[in-house]
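As structure tokens, the structure follows; a few thoughts come after it.
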């Protein structure tokens, strides 16, 4: 059974490693950033402005969601644990705690993520280009009133 708990600062390194592996798997690229830079990014850009929750199965970290009342900034499930409703459970938390509208970005080439978000009531509102990764991205929006 999946347990969801608040992020504990001592779990930052395992969280970032899982996030990185899931990102690389979903997007199909290798992240060449140093792990220390990604940890620093997590503290400065994610943890500071979002509520972070971890999904665990038998004590093992299997998912993460970082969200605030307006957006989902991270939602990743550990490679090998997809299609077990972990992402759905984490996304439902973000929806329940939202202002009634949520937006998020994912990469267009991550077809699994795009299909997942659409199945959860999100709709494409914008297509663009992410300059750091040099990839097309997609902005999704969800509204409680549309659900």
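Of the residues in segment 75-91, at least one is in contact with a helix residue (DSSP H, G or I) (Cβ under 6 Å, 6 or more places away or on another chain) and over 25 Å from residue 127 (Cβ atoms).
Of all residues in segment 72-128, those that are more than 23 Å from residue 16 (Cβ to Cβ) and touching a residue at least 60 places away in the same chain (Cβ under 8 Å) total 1.
Quick check: anything in segment 48-67 loosely packed, with under 14 Cβ neighbours inside 10 Å, touching a strand residue (DSSP E or B) at 6+ places or on another chain (Cβ under 8 Å) and either farther than 16 Å from residue 93 by Cα or touching a residue at least 60 places away in the same chain (Cβ under 8 Å) (or both)? Checked against the condition, which is being loosely packed, with under 14 Cβ neighbours inside 10 Å, touching a strand residue (DSSP E or B) at 6+ places or on another chain (Cβ under 8 Å) and either farther than 16 Å from residue 93 by Cα or touching a residue at least 60 places away in the same chain (Cβ under 8 Å) (or both), segment 48-67 yields at least one hit.
Exactly one residue out of 81, 42 is modelled with pLDDT of 95 or more, crowded, with 17+ Cβ neighbours inside 10 Å and in a loop (DSSP other than H, G, I, E, B), and it is 81. Just one of (1) under 18 Å from residue 3 (Cα atoms); (2) outside any strand (DSSP E or B) fails for residue 65. It is (2).
Residues that are free of Cβ contacts under 8 Å to residues at least 60 places away in the same chain and not in a helix (DSSP H, G or I) were ranked within segment 10-34; the one that is surrounded by the most Cβ atoms within 10 Å (Cβ to Cβ) is 31. Scanning segment 90-113 for residues that are in a helix (DSSP H, G or I) and within 12 Å of the chain's Cα centre (by Cα) turns up 90, 91, 94, 113.
The values are calculated or read from the model by the stated rules, or taken from the named source; none is laboratory data. Owing to the predicted nature of the structure, the values given are computational and were not obtained by experimental measurement. FYI the Cβ positions are ideal-geometry reconstructions off the backbone, even for glycines, and counts take in every protein chain you see.
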